[in-house]
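This report concerns only the one structure given below.
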Amino acid sequence: IDFWGKLLKRKNFLGKIMQKNQIYQVLKKYLSCWKKLKKAGIIRSNNLTADIGEYFVCEKLKLKQVKQGNMGFDAKNKYGKKYEIKTRKASTKNAENLVFPIYNESPYLFDYLVLANLDYYFRIERLIIIPKRLIRKYKKKYRIYISNKLIEERGVKVKYYGKNWIWI
């Protein structure tokens, strides 16, 4: 028995909904889509959400992505300002993400941190652009929590593309 057979047998994984051959067909379509996105340069790593977020943020803000694997920032604008992009995707149709992991340590190599919220279908709902000078003030144990206080800071820009947001 192969991997999927073992999984289906042991956990009844999707077994009630799909037969084994249907699972293979869905996976084949998924991998085909993944290949096309990779070939188009949209997916550049194994982190689908991050790659799609970076791609759409760069498109919306007219930024140029830097070489994959560059540590410290993801994109530059036409003036050479550097942007680190962090993306969160809603896991359900009504979810909202207010916490973003920030693993970079000071000294930060970027000029701006962009926090991107994607909806369930990977569409950008909101971008928050934060100047580097505010990161240390709002970073708590490798995370930035979005709050009214952060949003109201001088220099923070918020761009909405989707539903209205309620802040904590």
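Only one of these conditions is not met by ASN77: (1) over 23 Å from ARG143 (Cα atoms); (2) in contact (Cβ under 8 Å) with a residue 24 or more places away in the chain. Which number is it?
(2)
Quick one: what pairs do we get from segment 124-144, first residue among the basic types (Lys, Arg), second open to solvent by 10 Å² or more (accessible area, probe 1.4 Å) and part of a helix (DSSP H, G or I), C-beta under 9 Å, 6+ apart or different chains?
Going by the 9 Å Cβ cut-off, there are no qualifying pairs.
Counting only residues that are under 23 Å from SER147 (Cα atoms) and open to solvent by 80 Å² or more (accessible area, probe 1.4 Å), which one in segment 61-95 is modelled with the highest pLDDT?
Going through the qualifying residues, I end up with ARG88.
Looking only at segment 133-148, decide whether some residue is farther than 30 Å from LYS35 by Cβ and at pLDDT 90 or above.
Yes, there is a match, as at least one residue in segment 133-148 is farther than 30 Å from LYS35 by Cβ and at pLDDT 90 or above.
Residues that are assigned to a helix (DSSP H, G or I) and modelled with pLDDT of 90 or more: does segment 96-111 have at least one?
no
The values are calculated or read from the model by the stated rules, or taken from the named source; none is laboratory data. From a predicted model like this one, the values you see are computed outputs, not experimental measurements. Virtual Cβ from ideal backbone geometry, glycine too; neighbours counted across all protein chains shown. These area figures cover heavy atoms from the full protein model, side chains too; ligands, DNA and RNA do not enter into them. Shrake-Rupley method; radii C 1.70, N 1.55, O 1.52, S 1.80 Å.
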